[in-house]
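Before any comments, here is the structure.
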Amino acid sequence: MQPDYPAASSPGSQSANPIRTLFPVFLYFLAAGVATVMLGPLLPSLIQRWHIQDAQAGTLFTASFAGQFCGAWFATRNLRASILLGSAITAAGSAAMAWVDFDLAHIALFCVGIGLGAGLTAGNVITGTTVPSARARLIAMLNVTWGLGAIACPVLVRLSSTGGNQRFFFATAFILAVTSLVSIAIPRVSATTQQFESSSRPATHTRMPLPPLPLFVFGAGIFLYVGVENSLGGWLPSYAVRTNPGLHASSIAIYFWMAELTGRILVTAVLSVFGETALYRLCLLLLIATQILLCATAHISPTGIVTLTVLAALSLAPLYPLIISFLLARTGNHARLGALFATASFGGATLPWLTGVFSTQFQSLRAGLIVPAAGSALLLFLSTVLTAKAAPLSPRE
């Protein structure tokens, strides 16, 4: 099977209106944002529905992110098919979640994850190669679109609450099925266009993108960030409901993802005031302080919960773009970066599960939140290597 990439017609046609060309990809990312974060606002009702403990609930995150790892691993072999089939597989998994029991839910969520891993990876590559001159702007817009879907998820959960979770799962499956059909319109590329795109990239002669120590540190950084983000995004809604029964899990999820989206939009403006390294460390210090308050305070008011949720999301928002910026400043375009990015799925599969394990072991979700707090502290510990400047290249490199 030949790789399937976005069509590159004449430069003027795509540069003039890349959004029209990429509309199916943007629509998919909007739907994928809903499916990616749905466990967070749904978790309290799923725990009640299946009568499970937090340690068991944590395995649901593991199943989803294990699927994402598998989907991402094969996504670049056929980009157009990865979005088309990925959204269809996610739709099937979402529909299955409407009726499966706890054990079968792991299979359904694994399918959801496979589709998301394939589609999201392919969508980023398509968007980043269709109009190379506008790559950064288009990828930023794509991430904002995903964020809008993440915000829409708890809204949909809230609107469908009267009909139970089944209504939400069927609605999500329908939206994803529509995006699968629309993705047929993603244009193809000719072999000559792909050869030109490949030849325009700087050649890389080293077998690995970095020496062993920074390679390990960047892999650990990506692992920890995604794990911390999904631990907080997945478990804070449950923590809020248990601390203050008057709160709604969907509302806390909305606050979290809206704050993170706002933070991503504001990153460019903030960077004009702080340098990348200073902003990275400042955000980590704020994130750690926020989580210390969450773990150390026995009784938090509803206002306090909302405030700490927003602060945690705002401080998280710049971290991933900055880690990727630090990484690419050291590696450039390297053929073996894909395996490094795959560690993100392991973080999403591991840290939320460990949060549930700690919560069950100590009979307190507040104790479980020590896991993402420790992950944030490790990110700060690794910051010296992560933020180190790239060594100047010799003429032969």
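The values are calculated or read from the model by the stated rules, or taken from the named source; none is laboratory data. Bear in mind the structure is a predicted one, so any value in this text is a computation, not a measurement. Every residue, glycine among them, receives a Cβ derived from its backbone with ideal geometry; neighbour counts consider all protein chains shown. Surface areas here come from the heavy atoms of the whole protein model, side chains and all, with no ligands, DNA or RNA. Shrake-Rupley method; radii C 1.70, N 1.55, O 1.52, S 1.80 Å.
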Output needed: percent of Cα pairs per 5 Å distance bin for the stretch 56-99, bins running from 0 to the one holding the longest distance. 5, 19, 24, 26, 15, 8, 3, 0
Using a 1.4 Å probe, how large is the accessible area of His248, given in Å² and rounded to the nearest 10? 90 Å²
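Tally Lys/Arg at +1 and Asp/Glu at -1 over every other residue whose Cβ is under 11 Å from the Cβ of Pro321; what's the total? Walk me through the numbers before you get to the answer.
Working: positive: Arg264; negative: Glu276.
Computed value for this residue: 0.
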Take the stretch 20-134, compute every pairwise Cα distance, and split them into 10 Å bins from 0; I just need the percent in each bin. 15, 44, 26, 12, 3, 0
Got a number for the accessible area of Leu236? Probe 1.4 Å, square angstrom, nearest 10. 0 Å²
Determine how large the accessible area of Phe110 is when every protein chain is in place; take a 1.4 Å probe and give Å² rounded to the nearest 10. 70 Å²
Extending each Cα 7 Å along its Cβ direction at Val178 and Phe74, get the distance between those two points in nm, one decimal. 2.9 nm
